[in-house]
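Enquirer: Have a look at this one.
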Amino acid sequence: MNLPRTLAAMLSLAIPLTLNAAGVELEYLGESEVDLENPHDLKLSPDGRYLMVADVGNDRIVILDPETLAWVGSFGADHQDGTHDIDFDAAGRAYVADTHNSRVTVYELDGVEARLVRQLDQDIRGPEGVLAHPNGDLFVAGAWSGNLVVYRNGQVVAELSGLSSPHDVELAANRSDVWLADAGNSRLLRLTPSLEVREELERAAYDFNGVRYLDLTAEGMIVAADKNNHVVKFIAADRRLVHVLGDGAPGKGKYRLRTPEGVEIRDRILWISDSGNDRVIRYRLGGS
């Protein structure tokens, strides 16, 4: 069945909100003390040696040690403006959402040294999310242009318009579809590589309020930063809401957040950009 690509006619799956009593266990492992200003999405380097943080207020990518969250380096402050997201392709190239310059900057990396080699800016304004898909395409969410575009060999080959401040784009559990955080509409969309809508996780079902960046565990659980609710939500592969990190009131503590944005997961370790508190927090995931 081919679903329409216009959002007005989009399929709506209203999934009841239920809590799993076993839920998810989180062990606090520490937080950064590096000078960050409004950190957004974050991504481990392909070899796992570095945690790359989009440091929006300082117009750069900050490189942290993923275990200690200590400073390692940075790049981009001399030419980026409002850096929001980063991803890596199979060759190890870094793609950065250089938001206020309305472009994606592409870097060749040598350790922590980055060399700007290209930029992409066709049909996007204010990009805030970027995904280098395993199929070789690049997905970019234009927050200001209200669209999601797909680049192939540097040219736009597909576009989904009619969105509201779209943010993160992440690979789905099947390694083909993608999840998009349609932040202004407070929902998550699962899309085919050709941008047909497969599924919608609605505001009403999950009480989203400005859902921003996300990641998935190996089991297919979605972990999404619900910014304006000051929480991070854990949605199991069967679409049950199984855990909420934060109490809904802005604060600062081991398990309290203020306008969280970025999420990264690898091998049961979870990193969150607690943006309103200018820090990155590290947890260990347990439970079911």
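The values are calculated or read from the model by the stated rules, or taken from the named source; none is laboratory data. Nothing here was measured: the structure is a model prediction, and the numbers come from that model. Positions of Cβ are generated from backbone atoms using ideal geometry, with glycine treated the same way; all protein chains shown enter the neighbour counts.
Enquirer: Scan the stretch 176-187 and give yes if some residue there is within 11 Å of the chain's Cα centre (by Cα), closer than 20 Å to residue 265 by Cβ and acidic (Asp, Glu), otherwise no.
Expert: Taking every residue of the stretch 176-187 in turn, none turns out to be within 11 Å of the chain's Cα centre (by Cα), closer than 20 Å to residue 265 by Cβ and acidic (Asp, Glu).
Enquirer: Determine if the stretch 24-38 includes at least one residue that is within 16 Å of residue 274 (Cα to Cα), hydrophobic (A, V, I, L, M, F, W, C) and in contact with a Ser or Thr (Cβ under 7 Å, 6 or more places away or on another chain).
Expert: No, the stretch 24-38 has no match at all.
Enquirer: Does the stretch 229-239 contain any residue that is charged (D, E, K, R) and under 20 Å from residue 266 (Cα atoms)?
Expert: So far as the stretch 229-239 goes, yes, one or more of its residues are charged (D, E, K, R) and under 20 Å from residue 266 (Cα atoms).
Enquirer: Hey, residue 112 hits all of (1) modelled with pLDDT of 95 or more; (2) of a type in the set (A, V, I, L, M); (3) closer than 27 Å to residue 281 by Cβ but one; which does it fall short on?
Expert: All conditions pass for residue 112, except number (1).
Enquirer: When the residues of the stretch 108-148 are filtered to those that are within 14 Å of residue 46 (Cα to Cα) and not aliphatic (A, V, I, L, M), which remaining residue is surrounded by the fewest Cβ atoms within 10 Å (Cβ to Cβ)?
Expert: The qualifying residue surrounded by the fewest Cβ atoms within 10 Å (Cβ to Cβ) is 110.
Enquirer: Additional query: Out of all the residues in the stretch 218-246, which are among the charged types (D, E, K, R) and either surrounded by 14 or more Cβ atoms within 10 Å (Cβ to Cβ) or under 18 Å from residue 181 (Cα atoms) (or both)?
Expert: 226, 227, 233, 239, 240, listed by residue number.
Enquirer: Can you tell me which condition residue 219 does not meet? The list is (1) within 30 Å of residue 156 (Cβ to Cβ); (2) among the charged types (D, E, K, R); (3) modelled with pLDDT under 95, and all the others hold.
Expert: (1)
Enquirer: Going by the conditions given, is residue 254 touching a strand residue (DSSP E or B) at 6+ places or on another chain (Cβ under 7 Å), over 21 Å from residue 70 (Cβ atoms) and basic (Lys, Arg)?
Expert: Taking the combined requirement at face value, the residue does not satisfy it.
Enquirer: Does residue 211 satisfy the criteria of being among the β-branched types (Val, Ile, Thr) and either in contact with a helix residue (DSSP H, G or I) (Cβ under 7 Å, 6 or more places away or on another chain) or at positive phi (or both)?
Expert: Yes; evaluated as a whole, the condition is true for this residue.
Enquirer: Shifting gears a bit: Here is a check on your reading of the model: is residue 68 in contact with a Gly (Cβ under 6 Å, 6 or more places away or on another chain) and hydroxyl-bearing (Ser, Thr, Tyr)?
Expert: no
Enquirer: Identify all residues within the stretch 251-266 that are under 20 Å from residue 179 (Cβ atoms) and surrounded by fewer than 19 Cβ atoms within 10 Å (Cβ to Cβ); write none if there are none.
Expert: Selection gives 266 alone.
Enquirer: Can you tell me which residue in the stretch 271-282 is farthest from residue 69 (Cα to Cα), limited to those that are crowded, with 24+ Cβ neighbours inside 10 Å and not acidic (Asp, Glu)?
Expert: Once the filter is applied, the top-ranked residue is 275.
Enquirer: Of everything in the stretch 149-167 that's surrounded by 15 or more Cβ atoms within 10 Å (Cβ to Cβ) and polar (S, T, N, Q), which residue is farthest from the chain's Cα centre (by Cα)?
Expert: 161
Enquirer: Next up: Please state which of the following conditions residue 21 fails to meet, knowing it meets all the rest: (1) farther than 21 Å from residue 214 by Cβ; (2) surrounded by fewer than 15 Cβ atoms within 10 Å (Cβ to Cβ); (3) modelled with pLDDT of 95 or more.
Expert: (3)
Enquirer: If you don't mind, another one. I need a count of the residues in the stretch 116-141 that are in contact with a Lys or Arg (Cβ under 6 Å, 6 or more places away or on another chain) and within 28 Å of residue 221 (Cβ to Cβ).
Expert: The number of residues fulfilling the criteria is 1.
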